[in-house]
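Trainee: Can you keep this structure in mind? I'll have questions shortly.
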Amino acid sequence: MSRIGKKPVDLPSGVEASVSGQTVSVKGPKGAREFTATDDVSITVDGNVISVEPRGKSKRARQQWGMSRTMVANLVQGVTEGFKKELEINGVGYRAQMQGNTLKLNLGLSHEVNFEVPQGVTVTCPKQTEIVVEGIDQQLVGQVAANIREWRAPEPYKGKGIKYKDEYIFRKEGKKK
């Protein structure tokens, strides 16, 4: 039995959900999202609660049960609170700034990196060494943050590069004479 799948997803006030076939649509203050579940689960909306149940006792149905419930919970969280990833830039001369829909990064390369921000995500730079990625789609927010981090991943000797705010960089000792 799935411990996650058993829990119903509560809908906060101001959030509407509807199910048509295997597609769950959720509308909230931050926008609207939808998710199409596999045929192995059945999704029902009862008042302000969404519940997910497996169809049958197959292994695939039990696998999809917890995953589908988590996807529905992420839809609800996305349209109410949204998702956020914070990045830090460490290094002498490394900085970031927003210009319109483009994130300009100086990362010690011979050229400035221009990162086009995709639609559905907002990127802000409160400081020159901080980047905040926000949106209602958890997968898109995480992917954009990973793409920005990919330009200069943190190195283990001095810790220079772009890292997540809560990430720990394992440091190595340098060469000895």
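Trainee: How do 110-116, 150-156 rank on mean C-beta neighbours within 10 Å, highest first?
Mentor: Top to bottom by mean Cβ count within 10 Å: 150-156, 110-116.
Trainee: OK, next. Which distance in Å, rounded to a whole number, links the C-alpha centroids of the range 103-154 and the range 54-90?
Mentor: Cα centres, the range 103-154 to the range 54-90: 23 Å.
Trainee: Highest mean first, how do 21-33, 59-71 rank when packing is the count of other Cβ atoms within 10 Å averaged over residues?
Mentor: Details: 21-33: 16.5, 59-71: 18.3.
Per-residue mean Cβ counts within 10 Å order the peptides as 59-71, 21-33.
Trainee: Just from its helices, what would the mean residue ellipticity at 222 nm be for the chain, if runs of 4 or more DSSP H residues each count -39500 (n - 2.57) and the sum is divided by every residue, rounded to the nearest 500 deg cm²/dmol?
Mentor: Roughly -7000 deg cm²/dmol at 222 nm, from the helical runs in the chain.
Trainee: By counting other Cβ atoms within 10 Å of each Cβ, how are 35, 83 ranked from fewest to most?
Mentor: By the 10 Å Cβ count, ascending: 35, 83.
Trainee: Among 56, 161, 142, which one shows the biggest mean-square fluctuation in a GNM of the chain, springs joining Cα atoms closer than 10 Å?
Mentor: 56
Trainee: Nearest 10 degrees, 0 to 90: what angle lies between the long axis of helix 138-150 and the longest principal axis of the chain (Cα atoms)?
Mentor: That helix lies at roughly 20 degrees to the long axis.
Trainee: So if I restrict to the alpha-carbon atoms in the range 83-164, what is the Rg, and what is Dmax, the biggest pairwise distance, in Å?
Mentor: Considering the range 83-164 through its Cα atoms, Rg and Dmax are 11.9, 36 Å.
Trainee: Select from 42, 15, 91 the residue farthest towards the positive end of the dipole of the chain; place +1 on Cβ of Lys and Arg, -1 on Cβ of Asp and Glu, and compute about the Cα centre.
Mentor: The residue sitting most towards the positive pole is 91.
Trainee: Same structure, new question: Could you pull out every residue, at least 5 positions away or on a different chain, whose amide H is within less than 5 Å of the one on residue 41? Hs are placed 1.01 Å off N in the peptide plane, and Pro or chain starts have none.
Mentor: Under 5 Å from the amide H of residue 41 lie the amide H atoms of 55, each far enough along the sequence or on another chain.
Trainee: What does the charge count around residue 17 come to, taking other residues whose C-beta lies under 14 Å from its C-beta (Lys +1, Arg +1, Asp -1, Glu -1)?
Mentor: Surrounding charge for residue 17 is -1.
Trainee: If you don't mind, there's one more thing I want to ask. Order by neighbour count: 40, 166, 10, fewest other Cβ atoms within 10 Å first, most last.
Mentor: 166, 10, 40
Trainee: Of 120, 71, 100, which is farthest along the charge dipole of the range 48-154 in the positive direction, counting Lys and Arg as +1 and Asp and Glu as -1 at C-beta?
Mentor: 71
Trainee: Rounding to the nearest 20 debye, state how big the charge dipole of the range 32-177 is about its Cα centre with +1 on each Lys and Arg Cβ and -1 on each Asp and Glu Cβ. Mind showing how you got there, number by number?
Mentor: Values: 23 positive and 18 negative charges, 206 e Å.
Here the size comes out at about 980 debye.
Trainee: I need the phi-derived Karplus couplings for the range 27-41: 6.51 cos²θ - 1.76 cosθ + 1.60, θ = phi - 60°, integer Hz, Gly and Pro marked x.
Mentor: Once rounded to whole Hz, the list reads 10, x, x, 8, x, 10, 9, 9, 9, 9, 8, 6, 6, 7, 10.
Trainee: How large is ³J(HN,Hα) for each residue in the range 93-99, as worked out from phi by the Karplus curve 6.51 cos²θ - 1.76 cosθ + 1.60 (θ = phi - 60°), to whole Hz, x for Gly and Pro?
Mentor: After applying 6.51 cos²θ - 1.76 cosθ + 1.60, I find x, 7, 7, 9, 7, 9, 9 Hz.
Trainee: Please give the net charge around residue 160, taking every other residue with its beta carbon less than 12 angstrom from that of residue 160, where Lys and Arg add +1 and Asp and Glu add -1.
Mentor: With Lys, Arg at +1 and Asp, Glu at -1, the neighbours total +2.
Trainee: Now a separate question. In debye, nearest 20, what is the charge dipole magnitude of the range 79-122 about its Cα centre with +1 on Lys and Arg Cβ and -1 on Asp and Glu Cβ, if you could check? Don't skip to the answer; put the middle values down first.
Mentor: Numbers: 4 positive and 5 negative charges, 12 e Å.
Charge dipole of the range 79-122: 60 debye, to the nearest 20.
Throughout, read-outs are computed from the coordinates displayed, never taken from laboratory work. Note that the structure is predicted; figures quoted are calculated from it, not measured. Cβ atoms come from the backbone with ideal geometry, glycine included; neighbour counts cover every protein chain shown.
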